[in-house]
Amino acid sequence: MRRALGSGVAGVAALAMLATGTAHAANGTYYSSKQPYIVPQQALDMSYSAAPEGYTITYTEMLARHGSRGLSSYKYDALLKLMGQTASEVGGFVSEEAEQAFMANVQAIIDANVENGYGMLTGQGATQHQGIGSRAYQRNKQLFDQAAADGETIEYESSGEARATESGENFKKGFDQASGSELAGSYVTPTAPAGEGDAALFQKSPDTLYFHKTDNPDGSEKTGEAADIAQRYEDFIENNETIANAEDYIENVDASVTVSYDLLSQIFTEDFLDNIGKKEGQYSWYNTTTGEKDAGEDGFDDETGEDIRNCAIEGDPDELMAQYGEDICGETGKHITSVVDAAMDLYNLYIIAADMQEENIGDHTFDFDQYFKTISPEDGDVFAWILDMEDFYEKGPSYAGQDETYRIAQPLLDDFFKSIDERVAGGTTAATFRFAHAETIMPFAALIGAPGSTQQAPAVADPQTDADVYNYQNNEWRGESATPMAANIQWDVATRDGIDPETGKAYTPLVRMLYNEEEVAFGGTNTLTRGLSSCTPVAEGSTWYKESELKGCLGVDGKRIPSTEEPTITVETGTSGDQQQDGNTGDQNQNAGDGVTGPSDSTKKPTATDQPKTIAKTGSAMIVPAVAAVVLIAAGVTLVFVRRAKRH
């Protein structure tokens, strides 16, 4: 009997961790990088380790992905609408009911994204960052209260993309509410504000937070070293045959084709599906008003000169983009030229629905769950694999022997260390909060050897079997845990006064890392295969590291700074709840999950109707202590599938 991957699960889910220290995906589903943020129990309890005896936390910094959003632009929905229109014309639907339901669902999600704004945060995304901001204050309450008393500041940075800045605004809202606004007006004045109003507080920093493209979010182009780094990366991805062949292998493996047919045959006839392809006379759709290929990808028909840019609503494209933003119209190069293409586009609508719970209402209510209820666990695994593979190969650890996919994050790592050094040297900035994207989180996590991002795939130029490429059987990297919506990496820095008798110099700052608000070690396994040395904590079992040790074990070759300083110290470690981190000890109902004062629905114990009704996920996910509970911020999510994995 085939079990359902997804069912209309309403409410909030609390999931148990695997004994291995890894977690199931939310509700047993496969959302990949569209996974709604999960608040770990450790963050709710504030049960973090205290700084070693004699040390006090004097600085904190963070990198965060934007929160849950709608569709990034008019593409998956656009292409499926074109496909549906053709099917209507040629009798390609299995029934009239199937046609009506499919076309209504596609139009409803289009309407919902037009109303919310393509590429913009959803209500759910705003809530996620309000909660993270609230807990960031609570975790280091003493640091921030002292900073307020001393007249110190906080620095806020954004990639410059609207959804990143808006995430930061909501983070600050939660932070200010938790702190009683004691630092609301104490911020570093930006030299390049990310916008007006609340956005004016954010420093626009695309060189360190949007390093993967030569073009910045505001349309300007990078210059100098940042431009060289971005261009080198773009050239590498565009021309690398090992990556291209691995992606082609995964997308065209028999299992990928089979599950795509299984999914789409619920909607379209076998004859219609068999005629989708690149050959002459077969169906294909490009993201243009005609559905035909735009050879120059300039938005104009090569023969007639007609404007064929495809937009979510009718009207002049330039006027629409001026009013709604450029994402209201899609890239003309996006296309469906295979059954797998079409299935992955439908999968992408399905998973984004998990991030649009508050927008899926009224006259634009959509239901893509219905198409995945009969998909087996094995099939769901294949969909997630197809989606994860592009991010893994192009933005994550990728294949053995290369570092181009994550060396682009080195300037950001340098900035992390620079910020620490400036604070230790007497700087008055108590915290730096950065807001960016999955394309920032993934390479940064791989660069620093964060849990789940240490293992590379085989460097096989012409893969013949699954063992030759990234796969779920022998690699723990998952988009759902490496970069869920609102993913964050936070470093707390502890210092102490006086002279270290071991070195005869000032005590070296200590650093510990939180990954998605879970305390984790630096430098996981398999780092040696990538030219990284293992990072040694200050004591066995500790998650605190000397900054000098991290400078020597993190980053790409040529950027690491070897240290002769002994990495360990004599410490007496304990758990938080003392003067180091007493933020919300004993007051777990305040700002626990949603950034608002009072009991939070996102932390309540699930009822019988809230319990997952989906399959258990195979493979590892978010790295967290065994048997800990997690709370799903987004209510009512079901199975999910990710963004199109093909490079086009």
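For the range 288-307, the tally of residues that are of a type outside the set (Ser, Thr, Tyr) and within 33 Å of the chain's Cα centre (by Cα) stands at 9. I'd like to check something: does the range 321-329 contain any residue that is touching a residue at least 40 places away in the same chain (Cβ under 8 Å), within 27 Å of residue 300 (Cα to Cα) and either among the polar types (S, T, N, Q) or open to solvent by less than 10 Å² (accessible area, probe 1.4 Å) (or both)? Looking through the range 321-329, at least one residue is touching a residue at least 40 places away in the same chain (Cβ under 8 Å), within 27 Å of residue 300 (Cα to Cα) and either among the polar types (S, T, N, Q) or open to solvent by less than 10 Å² (accessible area, probe 1.4 Å) (or both).
Only one of the numbered conditions (1) buried (at least 24 other Cβ atoms within 10 Å of the Cβ); (2) at pLDDT 95 or above; (3) within 20 Å of the chain's Cα centre (by Cα) is not met by residue 431, and that is (3). Filtering 234, 166, 196, 225 for residues that are closer than 30 Å to residue 340 by Cα and acidic (Asp, Glu) leaves a single hit, 234. Just one residue in the set 142, 107 is of a type in the set (S, T, N, Q), within 22 Å of residue 75 (Cβ to Cβ) and open to solvent by 10 Å² or more (accessible area, probe 1.4 Å); that residue is 107. Among the conditions (1) part of a loop (DSSP other than H, G, I, E, B); (2) open to solvent by less than 30 Å² (accessible area, probe 1.4 Å); (3) touching a Phe, Trp or Tyr at 6+ places or on another chain (Cβ under 7 Å), the only one that residue 349 does not satisfy is (1). Restricting attention to the range 453-499, which residues are open to solvent by 10 Å² or more (accessible area, probe 1.4 Å) and of a type in the set (Phe, Trp, Tyr)? Correct list: 472 only. Scanning the range 59-81 for residues that are out of contact with any helix residue (DSSP H, G or I) (no Cβ under 7 Å at 6 or more places or on another chain) and open to solvent by 20 Å² or more (accessible area, probe 1.4 Å) returns a single hit, 75. Evaluating residue 198 against the criteria (1) on the phi < 0 side of the Ramachandran plot; (2) part of a loop (DSSP other than H, G, I, E, B) leaves one unmet condition, (2). Screening 134, 167, 88 for residues that are modelled with pLDDT of 95 or more, in a helix (DSSP H, G or I) and open to solvent by 40 Å² or more (accessible area, probe 1.4 Å) leaves exactly one candidate, 88. Summed over the range 435-464, the residues that are in a loop (DSSP other than H, G, I, E, B), out of contact with any Gly (no Cβ under 6 Å at 6 or more places or on another chain) and of a type in the set (A, V, I, L, M) give a count of 4. Taking into account only those residues within the range 114-147 that are of a type in the set (S, T, N, Q) and touching a helix residue (DSSP H, G or I) at 6+ places or on another chain (Cβ under 7 Å), which is nearest to residue 69 (Cα to Cα)? Out of the qualifying residues, it is 122.
Total residues in the range 91-104 satisfying the condition of being open to solvent by less than 20 Å² (accessible area, probe 1.4 Å) and in contact with a Gly (Cβ under 7 Å, 6 or more places away or on another chain): the figure is 1. Criterion applied to 341, 271 was being under 18 Å from residue 102 (Cβ atoms) and open to solvent by 70 Å² or more (accessible area, probe 1.4 Å), and the one residue passing it is 271.
Tell me whether the range 380-391 contains one or more residues that are more than 21 Å from residue 70 (Cβ to Cβ), part of a loop (DSSP other than H, G, I, E, B) and β-branched (Val, Ile, Thr). Within the range 380-391, not a single residue is more than 21 Å from residue 70 (Cβ to Cβ), part of a loop (DSSP other than H, G, I, E, B) and β-branched (Val, Ile, Thr). Candidates are the residues of the range 280-296 that are aromatic (Phe, Trp, Tyr) and open to solvent by less than 60 Å² (accessible area, probe 1.4 Å); the one that is farthest from residue 309 (Cα to Cα) is 285. Contact annotation: residue pairs with Cβ atoms under 8 Å, 6 or more positions apart or on different chains, pairing a residue in the range 36-47 that is in contact (Cβ under 8 Å) with a residue 12 or more places away in the chain and open to solvent by 30 Å² or more (accessible area, probe 1.4 Å) with a partner that is assigned to a strand (DSSP E or B) and hydroxyl-bearing (Ser, Thr, Tyr), are 47/575. Of the residues contained in the range 383-395, one or more are found to be in contact with a Pro (Cβ under 7 Å, 6 or more places away or on another chain) and either open to solvent by 20 Å² or more (accessible area, probe 1.4 Å) or in contact (Cβ under 8 Å) with a residue 60 or more places away in the chain (or both). Restricted to the range 201-269, the set of helices (runs of 4 or more DSSP H) holding at least 1 residues that are more than 20 Å from the chain's Cα centre (by Cα) comprises 224-239, 241-252, 254-264. Residues in the range 479-508 that are within 27 Å of residue 40 (Cα to Cα) and outside any strand (DSSP E or B): 479, 480, 481, 482, 483, 484, 485, 486, 487.
The selection criterion, being in contact with a Phe, Trp or Tyr (Cβ under 6 Å, 6 or more places away or on another chain), farther than 30 Å from residue 130 by Cα, among the β-branched types (Val, Ile, Thr) and touching a residue at least 12 places away in the same chain (Cβ under 8 Å), holds for residue 469. With respect to the conditions (1) at pLDDT 95 or above; (2) of a type in the set (Asp, Glu); (3) surrounded by 19 or more Cβ atoms within 10 Å (Cβ to Cβ), residue 251 lacks only one, and its number is (1). Quick one: would you say residue 504 is modelled with pLDDT under 95, open to solvent by 10 Å² or more (accessible area, probe 1.4 Å) and more than 28 Å from the chain's Cα centre (by Cα)? It is true that residue 504 is modelled with pLDDT under 95, open to solvent by 10 Å² or more (accessible area, probe 1.4 Å) and more than 28 Å from the chain's Cα centre (by Cα). For residue 306, indicate whether it is surrounded by fewer than 20 Cβ atoms within 10 Å (Cβ to Cβ), in contact with a helix residue (DSSP H, G or I) (Cβ under 6 Å, 6 or more places away or on another chain) and farther than 30 Å from residue 244 by Cβ. So residue 306 fails the test.
The values are calculated or read from the model by the stated rules, or taken from the named source; none is laboratory data. This structure is a prediction, so every number in the text was calculated from the model and none was measured. Because the Cβ atoms are built from the backbone with ideal geometry, glycine has one as well, and the counts that use them run over all protein chains shown. When the accessible area is computed, the model is the full protein with side chains, heavy atoms only, and any ligands, DNA or RNA have been set aside. Shrake-Rupley method; radii C 1.70, N 1.55, O 1.52, S 1.80 Å.
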